[in-house]
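The values are calculated or read from the model by the stated rules, or taken from the named source; none is laboratory data. Predicted model only: the values in this text are computed from it and were never measured. Here the Cβ positions follow ideal geometry from the backbone for every residue, glycine too, while neighbour counts run over all protein chains shown.
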Amino acid sequence: MPNLILNQLSDIELLQESCEVECKLAGGRDGCGAVPGDMWESYSAFANTRGGEILLGIKEKKGKFTLEGIKNPAPLVKNIWDTVNNTNKVSHNLLNEVDVSVITIAGKQLIRILVPRAPREVRPIFINGNPLAGSYVRRYEADQKCLPDTVSRMIAEREDIRDNRILEGYGLDDIDVESLRIYRQMFIDAKPQGHPFLEQDTAGFLRSIKAWRKDRKTQQEGLTLAGLVMFGTWDAIQDALPNYFVDYQEKDDSSHRWIDRVFPDGSWSGNIFDFYRKIFRKLTADFKIGFQLKDGQRIDDTPAHEAIREALVNMLAHADYTSDSPLFIEKHPDFIGFRNPGLMRVPVKDAIAGGDSLCRNPAIHQMFLNIGLSEKAGSGIPKIYSNSRSQNWQTPNLYEKDSPEQTLLELRMVNLVSEEMHSNLIELFGSSYNALSELKRSILITAATESWFNHERIFSLTSKHTRDITLALSQLVKGGYLASGGNHKGKVYHLKGVDVPTPDNDAGKGITFVSSPDLSQLSLFGENEEFDSKSPDLNVESPDFDSKSPDLNVENPDFDSKSPDFNIESPDLNEEKQLWQELLEIASPIRNGSYRAKRNDIEKVIIQLCEKSDQKYLGLADIAKLLGRNTDTLRKSYLSPMLKNQQLTLAYPTKPNHPNQGYKIKKGS
């Protein structure tokens with residue numbers, strides 16, 4: 001939850017409405033002040049997401065905030081307390097007395113409401129007595145009503161333990177024999193003095209490690225969810241968890257295509273124990289291990305190995321295996337990203353601080369702990385952070401994504417204090433660089449390694465509050481360290497002398513786009529039903545398709561039949577034709593689908609399209625054509641959120657709404 005400093009008018013000017021801050025004028029019909037009715041939607045949204053602050057008495061216009069004040073705040077404060085304690089209006093009061101306060105700035109009064117994140121035991125927080133109709137979540141700067149599936153997941157998360165559930169109809173035959181054999185051997189290696197569990201038969205051993213359980217009330221017994229996910233066969237896992245999927249991809253930064261991939265393809269069990277053993281070796285294969293001795297034995301483990309191991313085990317122990325999102329790991333030469341389904345059970349800052357653990361799958365975590373592959377509960381995340389510091393890596397980035405609900409951990413294995421980098425920055429900025437704060441130095445390091453960046457990029461690389469980042473960026477610009485371009489939410493930053501691409505400068509003119517044909521050039525593609533005027537992807541009955549949309553108008557100048565991109569004499573025509581056909585095939589499930597595609601499915605296809613386009617940008621109109629979607633809907637509902645999530649990057653960052661804007665995959669998405 002934010003901790004805004006609000007002492008003077010300049011603090012108001014630095015405000016940004018975000019996933020953690022909501023500003024409302026609260027002027028009332030007579031101008032004397034009134035609690036806005038939609039404020040309680042924000043209360044529900046903040047409580048169900050990550051907490052936040054509601055400020056009453058502030059006006060927002062085109063991204064700028066001004067303090068209007070509330071003439072008589074006392075009645076509003078009373079109304080807030082009366083409403084929040086009325087269970088017919090608000091399902092649960094999360095506020096303490098100090099959470100509602102009146103602040104005076106420049107002679108004007110505003111009301112500040114600190115809404116904490118709701119404990120999972122009382123989520124969802126809803127209004128008007130109906131959880132299905134009155135539950136909200138925070139998405140960027142907006143409150144969005146929860147879908148029924150989201151409400152159901154929140155209610156399911158009230159359970160303390162998720163992986164001890166007995167799976168009816170599953171038994172010892174559903175265990176992969178080789179997986180269990182290797183685990184038992186690793187158990188022996190971790191307990192050299194012997195252990196009572198090792199004297200038991202298979203059923204007894206599984207019961208002791210909580211892979212098998214008997215319910216004393218119902219007398220039902222069988223394989224637990226933990227046991228199946230950890231040691232099960234692929235067929236059994238698929239039957240019990242149809243959406244279960246684990247995926248590892250190693251990518252080449254020069255092409256952004258995967259060069260190595262591991263997923264359940266029928267050649268191995270697909271369970272998470274075998275996934276761990278396969279992936280840990282791949283994640284650490286490139287590490288250079290210094291020769292160390294301890295008690296006469298060589299140590300082939302380093303703080304880097306420990307950080308990766310804890311990250312991998314943490315992912316597997318905290319994942320929501322009932323979700324329809326996959327467990328995904330992406331490796332680059334200097335970056336490893338872990339993405340697992342389900343939000344964290346404790347706030348991110350508490351997880352980083354350590355000591356407070358609410359593991360979603362404690363039995364799975366204990367199974368890894370049994371064989372020495374994890375720290376005790378509550379210490380894994382701090383270990384990742386401390387070991388990253390010892391390696392001089394960038395600070396890890398642990399954060400949550402709300403749609404779909406996922407937890408992401410990013411390890412950026414960039415040495416922040418390398419002699420070369422340090423010397424370059426001193427040469428560039430002078431000795432004053434050493435006197436800057438850690439946050440400002442991190443920003444300048446980003447500026448020295450990336451051609452441009454925005455506020456969201458720095459927010460993704462640091463645990464600092466959004467206001468601290470805004471203030472640091474402003475001071476670096478005023479101090480002459482950085483230059484900026486764009487306005488409000490489209491503002492980007494860069495080193496002086498670095499050209500940020502625009503449609504009119506040399507940097508922008510050097511950008512390459514995927515070339516697409518217009519409707520008058522279909523003969524170049526032969527008989528292609530994809531472009532049939534009666535094709536379902538262009539059906540005017542599609543809820544997202546506007547028959548008058550200019551991006552599909554045959555008279556659109558962007559698709560002139562004389563366009564050099566598809567000149568019939570161009571030697572690159574066949575290559576462009578093949579790429580466009582491949583893009584059409586990727587997008588066909590969305591474009592031709594007879595169902596209303598889910599957001600997650602559309603975002604996945606957009607990522608696939610950008611990956612296939614390699615280093616070229618895909619134009620907004622082309623993405624719309626490929627998906628059969630209206631350009632405005634596509635940009636506002638999908639592309640803009642994906643930019644905020646650092647999944648995509650813009651061709652022209654200072655002009656986000658430019659009609660010829662292009663999009664490309666961002667490393668680590």
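Descriptive notes on the structure:
- All told, residue 472 falls short of being at pLDDT 75 or above and surrounded by fewer than 16 Cβ atoms within 10 Å (Cβ to Cβ).
- When region 163-220 is filtered for residues that are in contact with a helix residue (DSSP H, G or I) (Cβ under 7 Å, 6 or more places away or on another chain), among the small types (Gly, Ala, Ser) and without any contact (Cβ under 8 Å) to a residue 40 or more places away in the chain, the ones remaining, listed by number, are 203, 208.
- Of residues in region 447-469 being β-branched (Val, Ile, Thr) and modelled with pLDDT under 85, the one farthest from residue 50 (Cα to Cα): 449
- Any hit, region 233-240, residues being assigned to a loop (DSSP other than H, G, I, E, B) and at pLDDT below 95: no
- Restricting region 294-326 to residues that are of a type outside the set (Gly, Ala, Ser), under 30 Å from residue 241 (Cα atoms) and surrounded by fewer than 20 Cβ atoms within 10 Å (Cβ to Cβ), the residue that is modelled with the highest pLDDT: 326
- For region 629-667, filtering for residues that are small (Gly, Ala, Ser) and surrounded by fewer than 19 Cβ atoms within 10 Å (Cβ to Cβ) leaves 2.
- Residue within region 608-623 that is farther than 25 Å from residue 504 by Cα and either buried (at least 22 other Cβ atoms within 10 Å of the Cβ) or at pLDDT 90 or above (or both) present: yes
- Verdict on residue 179 being in a strand (DSSP E or B) and either of a type in the set (Gly, Ala, Ser) or over 14 Å from residue 47 (Cα atoms) (or both): no
- Matching residues in region 431-464 - criterion: being of a type in the set (Phe, Trp, Tyr) and surrounded by fewer than 18 Cβ atoms within 10 Å (Cβ to Cβ): 433
- Meets criteria (more than 22 Å from residue 180 (Cβ to Cβ) and either assigned by TED's automatic domain parsing to the domain that holds residue 171 or outside any strand (DSSP E or B) (or both)) for residue 261: yes
Per-residue answers, yes or no, for (1) over 28 Å from the mean Cα position of the chain (by Cα); (2) surrounded by 17 or more Cβ atoms within 10 Å (Cβ to Cβ):
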position	(1), (2)
87	yes, no
107	yes, no
111	yes, yes
127	no, yes
133	no, no
137	no, yes
151	no, yes
